[in-house]
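Remarks on the structure that follows.
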Amino acid sequence: MTRARTITGLGLAVAFAAGAAVADVKIAFIDPLSGGAASTGILAQKTHQFYIDAINVAGGINGEKIELLSYDNKVNPQESLIQLKKAIDEGARFVVQGNGSSVALAITDAVQKHNERNPGKEIVFLNYAAVDPALTNEKCNFWHFRFDADADMKMAALTDFITKQPQIKKVYLINQDYSFGKAVAAAARKMLAEKRPDIQIVGDELHPLQKVQDFSPYVAKIKASGADTVITGNWSNDMFLLIKASNDAGLKVNWYTYYAGALGSPSAIGRNGLGVLKQVSEYHNNALPELDPDAAAFRKRFTGKDDEFDYYRLKTAFDLFSAAAKKAKSNDPIKVAKALEGLKLDTTVGPVEMRADNHQLLQPLFISTFSDNVKFDVERTGYGFKTDQKVDAKDTAMPTVCKMERPS
């Protein structure tokens, strides 16, 4: 079996054979591979492997091959720490995780403590999706880098757009009951009050993370509130089951979301989302005049509708990781981390920068609407997302209270 993709920045297709190479650099993937969030975790795992395979076939990084070690954490902080210990014992020097800010907070704390106790055996945490602002503010540390915009950065983009929509009068907030969901709700309340004090918050609901199977009681509350707009940071099952229940109940509202384009949601949304469902994201299939080369290659390699290219930020993450290691002329975690600080890169959607002061990536963001008038669809539905507004990377920056201590 052979596989092909476009190597980012080189513009050439290469074929590579299946089968693990002898690896010198081990990256531990710690995310849900079972339970309610498994579909999201498995897609992220595939996308990590997609880029690692490409790096390896191109010769690796500094002549060394990479191996992805996968661990199922079931979106549980305690289980994640058990899996982190296994990963370290098996030789991982880099850890990637994204699904669940409560998990990320546990991992970043454990990584910092491990590094303090084990000089010369340090590990670096590469966070691709956990977006609680605390991770690059009061909980920041040198060993953590985030490659996704945080909840406040995304809400700033959404509320700037909402400011220009005079028809929005009543907003309902529904989010998952953990650090990220609470951050989304708090940011929405604060920013709407500042930018559109005329908007009434008619509901603010928190529900258990990835445990609700029937959202109809929540949808009934939204309907009874008289809301014309819903804002939600829900993801995975909690996103598409919420949408499914709203469709079943005939709920007619505008949706402003973080993850409506993520796996499973477009199929659940269907025609009911046309023109009323919006998302904030770092990429969608119609963000560029043509499909991004890596998105096209990913579709070719994984042909099912459940294998959409949802993680453009991983393209950026692996390009930055590779560039940092080459700049450092070393794959040593400390040297790679220092080289990542302040690193800039041109991507297909625009310039990006890894902030040196808090290790938060600045990248363009798109506000887009679900539409049937698109060139490229999602999940073979015939529908896709159409850009309403692009926010340049420099305009996504937020103040930080991070006070980072760096190793000597």
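The values are calculated or read from the model by the stated rules, or taken from the named source; none is laboratory data. Bear in mind that the values here come from a model prediction, so they are computed numbers and not experimental data. No Cβ is skipped: glycine too gets one built from the backbone with ideal geometry, and neighbour counts run over all protein chains shown. Ligands, DNA and RNA are excluded from the accessible area calculation, which covers all protein heavy atoms including side chains. Shrake-Rupley method; radii C 1.70, N 1.55, O 1.52, S 1.80 Å.
Taking 1 over the mean of 1/r across every pair of different Cα atoms in the range 12-156, what Kirkwood radius in Å do you get?
Final number for the Kirkwood radius of the range 12-156 is 15.8 Å.
Going by amide H atoms built from the backbone, whose H comes under 5 Å of the H on Asp31, apart from near neighbours?
Long-range HN contacts for Asp31: Tyr71, Asn73.
Using only the alpha-carbon atoms, what does the range 195-266 span along each of its principal axes? Please give whole angstrom values in decreasing order.
Cα spread of the range 195-266 along its principal axes, largest to smallest: 34, 24, 22 Å.
Taking the alpha-carbon distance from Lys335 and a cut-off under 18 Å, which lysines remain once sequence neighbours fewer than 8 residues away in the same chain are dropped?
Lys26, Lys65, Lys121, Lys326, Lys327, Lys344
Give the peptides 189-197, 71-79 in descending order of average Cβ contacts within 10 Å, highest first.
71-79, 189-197
May I ask for the equivalent-ellipsoid semi-axes of the range 139-223, computed as the square root of five times each C-alpha gyration tensor eigenvalue and listed largest first in whole Å?
24, 21, 9
Expressed as a whole percentage, what fraction of the accessible surface of the range 71-146 belongs to carbon and sulfur atoms when a 1.4 Å probe is rolled over the protein heavy atoms? Before the final figure, lay out the partial values.
On the way: 1320 of 2710 Å².
The nonpolar share, carbon plus sulfur, comes to 49 percent.
Taking 4 °C and 1.567 mPa s as the conditions, I'd like the Stokes-Einstein D for the range 104-164 in µm²/s, using the Kirkwood hydrodynamic radius from alpha carbon pairs.
101
What area, in nm² and to one decimal, does the C-alpha convex hull of the range 261-340 cast on average over all directions?
Average projection, Cα convex hull of the range 261-340: 7.2 nm².
Using only the alpha carbons of the range 76-200, what is the convex hull's orientation-averaged projected area in square nanometres?
That works out to 8.2 nm².
Using all C-alpha to C-alpha distances in the chain, build P(r) with 10 Å bins and read off the rounded percent in each one.
5, 23, 34, 26, 10, 2, 0
By a straight-distance test (C-alpha under 18 Å), which lysines pair with Lys221 as possible cross-link partners, with residues fewer than eight away in the same chain excluded?
Straight-line reach from Lys221, under 18 Å: Lys169, Lys170, Lys244, Lys252.
Taking the solvent-accessible surface of protein heavy atoms with a 1.4 Å probe, what is the per residue accessible area of the range 245-393 in Å²?
36
Can I get the semi-axes of the range 180-304's equivalent ellipsoid? Compute them from the C-alpha gyration tensor as square roots of 5 times the eigenvalues, in angstrom, largest first.
Gyration-tensor ellipsoid for the range 180-304: 27, 18, 14 Å.
Where does the chain land at 222 nm, in deg cm²/dmol rounded to the nearest 500, when only DSSP H runs of n ≥ 4 count, each adding -39500 (n - 2.57), divided by all residues?
Mean residue ellipticity, 222 nm, calculated: -11000 deg cm²/dmol.
Would you please report the Å³ per residue occupied by the convex hull of the alpha carbon atoms in the range 249-299?
That works out to 97 Å³ per residue.
Leaving ligands, DNA and RNA out of it, report the carbon-plus-sulfur percent of the accessible area of the range 241-344 at a 1.4 Å probe.
Values: 1900 of 3710 Å².
Using a 1.4 Å probe with all protein chains present, the range 241-344 comes out at 51 percent carbon and sulfur.
Any number yet on Rg/Rh for the range 351-408, C-alpha, Kirkwood?
Result: Rg/Rh = 1.22.
Of all DSSP beta bridges located in the chain, what percent are antiparallel, nearest 5?
Within the chain, antiparallel bridges account for around 40 percent of the total.
For the chain, set up a GNM with springs between Cα atoms under 10 Å and report which of Gln176, Gln165, Gln210 has the largest fluctuation.
Fluctuation is largest for Gln165.
Could you give the angle, 0 to 90 degrees to the nearest 10, between helix 38-57's Cα long axis and the longest principal axis of the Cα atoms of the chain?
Relative to the chain, helix 38-57 is tipped by roughly 40 degrees.
At a 10 angstrom cut-off on C-beta neighbours, averaged per residue, how do the peptides 382-394, 314-326 rank from highest to lowest?
Going from most to least packed, we get 314-326, 382-394.
Search the structure for amide H atoms under 5 Å from the amide H of Asp204, placed 1.01 Å from N in the peptide plane, and list their residues when 5 or more places away or on another chain.
Long-range HN contacts for Asp204: Leu173.
Quick one: Debye curve from the alpha-carbon atoms of the range 286-408 only, equal weights, vacuum; give me log10 I(q)/I(0) at q = 0.19, 0.21 Å⁻¹ to two decimals.
The calculated log intensity ratios at q = 0.19, 0.21 Å⁻¹ are -1.09, -1.20.
How many angstrom separate the Cα center of the range 253-323 from the Cα center of the range 341-380?
11
Just to confirm, what accessible area per residue do you get for the range 43-194 at 1.4 Å probe, in whole Å²? Don't jump to the answer; show the numbers that get you there.
On the way: 5130 Å² over 152 residues.
For the range 43-194, the solvent-accessible area averages 34 Å² per residue.
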